[in-house]
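S.K.: Pasting in a structure now, in structure tokens, and then I'll have a few things to ask.
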């Protein structure tokens, strides 16, 4: 299979450089970094062999993902791996995400820090409450399938999902945090084979900036796909 792994970054400084450096030199996938309008110089130089897409200005994580989705389809990739560019995710766990797809047991593999064998470090208590209990509970209710992780962007999936006309990932309202839970929901509800595998997600020290999600507006952004899809407001 032709596989693309992409890390997303916006002014991540040393964190994106560490992220790219942690990928093994010998790998069965192409590596890309999506620069969503960084102005800090962190991606002025990237390691040899790393593909780069750039937005001229910051457009939001959903909009950045749409560019990568389009690129993956244009270049006929079979599988896409999504990873944070702020050094939270461990690239050495990518084979764990890919194995069920390569073995033809799954179409969409979601990384879960809350499964046995997974882990989370330096995570604020309020985020544990939201990501381990509140959002997965609401998501499971909407998707009609029990999941342990619904907000973790560390995942792998077949690009056939993106080619499915019932998965309208190009919608303008999916330009920020909405796209990640939207895609997971649609994959499950449309009957694609969904699995979870344990992964780790370790937040960097607070002084380095552990998240760009803003209180309230960011929380609503990641919650509203669940509400909209459950109520039939969006498709």
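Read-outs: derived from the displayed coordinates by stated rules, not from any lab. None of the values given here were measured: they were computed from a predicted structure. Here the Cβ positions follow ideal geometry from the backbone for every residue, glycine too, while neighbour counts run over all protein chains shown.
S.K.: Helix-only mean residue ellipticity at 222 nm, the chain, DSSP H runs n ≥ 4 weighted -39,500 (n - 2.57), per residue, nearest 500. What is it?
M.R.: Calculated mean residue ellipticity at 222 nm is -9000 deg cm²/dmol.
S.K.: Please find the FRET efficiency linking residue 74 to residue 219, where r is the Cβ-Cβ separation and R0 is fixed at 22 Å, and quote it to the nearest 0.05.
M.R.: On the way: r = 34 Å, r/R0 = 1.53.
Working from the Cβ atoms, E equals 0.05.
S.K.: Any chance you could run the full-extension gain for residue 14 through residue 140? It's 0.36 nm times the residue separation minus the Cα-Cα distance, nm to one decimal.
M.R.: Residue separation times 0.36 nm, minus the Cα-Cα distance, leaves 41.8 nm.
S.K.: Write down the percent of antiparallel bridges among all DSSP beta bridges whose residues are both part of the chain, to the nearest 5.
M.R.: Beta bridges within the chain, antiparallel portion: roughly 25 percent.
S.K.: Now for a different question. Which of 72, 143, 99 moves most in a GNM of the chain, Cα contacts under 10 Å?
M.R.: Of the options given, 99 has the highest mean-square fluctuation.
S.K.: Would you mind getting me the FRET efficiency between residue 102 and residue 170? Use the beta-carbon distance for r and R0 = 35 Å, nearest 0.05.
M.R.: 0.80
S.K.: For the pair residue 92/residue 195, report the inter-label distance in nm, with labels modelled 7 Å from Cα in the Cβ direction.
M.R.: 2.2 nm
S.K.: Here are labelled values, (1) 57, 36, 30; (2) 45, 39, 37; (3) 63, 43, 36, and one is the computed Cα extents along the principal axes in Å for what I pasted. Which one?
M.R.: Step by step, Cα extents along the principal axes in Å for this structure corresponds to label (2).
S.K.: Moving to a separate point now. Output the peptides 48-55, 25-32 sorted from most to least packed, where packing is the average of other Cβ atoms within 10 Å over each peptide's residues. Intermediate values should be presented prior to the final figure.
M.R.: Working: 48-55: 12.6, 25-32: 15.0.
Order by mean packing, descending: 25-32, 48-55.
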